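K.L.:
The structure under discussion is supplied below as structure tokens; questions concerning it will follow.
The values are calculated or read from the model by the stated rules, or taken from the named source; none is laboratory data. These figures come from a predicted structure and were not determined experimentally. Using ideal geometry, Cβ is built from the backbone for each residue, glycine included, and neighbour counts are taken over all protein chains shown.
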Amino acid sequence: MSKQTSRAVRIHAVGGPEQLVIDTVSVGEPGPGQVRIRHHAVGLNFIDVYQRTGLYPFPLPLALGMEGAGVIEAVGEGVTHLKAGDRAAYAANPPGSYCDVRVMPAMNVCRLPDAIDFETGAAMMLKGLTAQYLLKRSRPVEGLEAGDFVLFHAAAGGVGLIACQWARSLGLQLIGTAGSDEKCALALEHGAAHAINYRTEDFAARVKDITNGQGVKVVYDSVGKDTFDKSLDCLRPFGLMVSFGNASGPVPPFAPGILASKGSIYVTRQTLFSHINSRERTQAMADDLFAVVEGGKVKVRIDQRFALIDVQAAHKSLEARATTGCTVLLP
């Protein structure tokens, strides 16, 4: 069968949004363990920015994009959980979802329930699976139970709004931070018990007030450099600092002795791809996500939609923190 072609957003040099170009690439048949998927929608995430700027280095040229949803066109040898014609969605390595159609490993691709539309599927996989491993798998040594306080930075973002709702369904008291009063209101509307505008308030002091001086059991932090130090001050003894992103820049090195002086606290740096390292683990986490979305406990808010050809504008909005909820690119 002759190869088809696809538009694919790639970078040939690291740098700003102007490095994003639309190339025409050839797409062949899936090999063993692979599928070919035609996208109906593609998700936009901060990890895409990290790859574009070179913070997370990859060989060039690099096709960007870590999540998408669409229809399976063909499956390779050994793929049994998907077939041609299936609706599907994924968060997966290697990057390359910013395109019309691609061949990719099947391991992290899941059948998309009929009740979930393509835009929601594309918007929720990386962010929703991230919220799943944070709340269900990145737990403090003393555990998490209903009534416990947790702190979640960037609570009005894509991961944050999903986490606000999911935490509420688990009975957790999520304290969210955001950079404006409007974003704080959005976090509260989606289930945060408290919201702090970190531009006008000292979030560490407010956390101590809210928790009657006790602190929180867990901090979930995708902001990085700007919030890390104060976040450690928000933890109760034996609390857990979960770093999972660097939106403001990478966290500088620190002395482990700090953890002792702040209450024998724990620090971990998590990535989704450590958690979805098998077909079985991916499916179990996705089933958990699908269940809370189909059951109405979590609504995936898509506030921005861009055509694939407008990808530079989409990246500019994301980096300027001008977005709320999720953003999708439409091929």
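K.L.:
Pairs, please: C-beta under 7 Å, at least 6 apart or cross-chain, first residue assigned by TED's automatic domain parsing to the domain that holds Cys234 and in segment 194-208, second of a type outside the set (Gly, Ala, Ser) and part of a loop (DSSP other than H, G, I, E, B)?
P.N.:
Partner pairs satisfying both residue conditions: Ala204/Cys234; Val207/Cys234.
K.L.:
Now for a separate question. Of all residues in segment 111-125, count the ones that are assigned to a helix (DSSP H, G or I) and either farther than 12 Å from Ala89 by Cα or modelled with pLDDT under 95 (or both).
P.N.:
Matching residues across segment 111-125 total 0.
K.L.:
Among the strands (runs of 3 or more DSSP E) confined wholly to segment 214-331, which include 3 or more residues that are modelled with pLDDT of 95 or more and not hydroxyl-bearing (Ser, Thr, Tyr)? So that I can check it myself, show each step before the final result.
P.N.:
On the way: elements: 216-221, 235-243, 266-269, 302-307, 326-330.
Where strands (runs of 3 or more DSSP E) fall fully within segment 214-331 and carry at least 3 residues being modelled with pLDDT of 95 or more and not hydroxyl-bearing (Ser, Thr, Tyr), they are 216-221, 235-243, 302-307, 326-330.
K.L.:
Within the bounds of segment 273-292, is there any residue that is exposed (fewer than 15 other Cβ atoms within 10 Å of the Cβ), touching a strand residue (DSSP E or B) at 6+ places or on another chain (Cβ under 6 Å), more than 16 Å from Met66 (Cα to Cα) and of a type outside the set (Phe, Trp, Tyr)?
P.N.:
Within segment 273-292 (the criterion being exposed (fewer than 15 other Cβ atoms within 10 Å of the Cβ), touching a strand residue (DSSP E or B) at 6+ places or on another chain (Cβ under 6 Å), more than 16 Å from Met66 (Cα to Cα) and of a type outside the set (Phe, Trp, Tyr)), the answer is no, since none of the residues qualifies.
K.L.:
Also, I was wondering about something else. Which residues, counting only those in segment 250-263, are among the small types (Gly, Ala, Ser) and loosely packed, with under 12 Cβ neighbours inside 10 Å?
P.N.:
Start the filter on segment 250-263 by keeping residues that are among the small types (Gly, Ala, Ser), which leaves 255, 257, 260-261, 263.
Correct list: Ala255, Gly257, Ala260, Ser261.
K.L.:
Of all the residues that make up segment 133-163, how many are surrounded by fewer than 24 Cβ atoms within 10 Å (Cβ to Cβ) and under 12 Å from the mean Cα position of the chain (by Cα)?
P.N.:
Total satisfying the criteria: 1.
K.L.:
I need the strands (runs of 3 or more DSSP E) fully contained in segment 1-74, keeping only those with at least 1 residues that are buried (at least 20 other Cβ atoms within 10 Å of the Cβ), among the β-branched types (Val, Ile, Thr) and at pLDDT 95 or above. Let's see the steps before the verdict.
P.N.:
Values: elements: 4-11, 21-27, 34-43.
Filter on segment 1-74 gives 4-11, 34-43.
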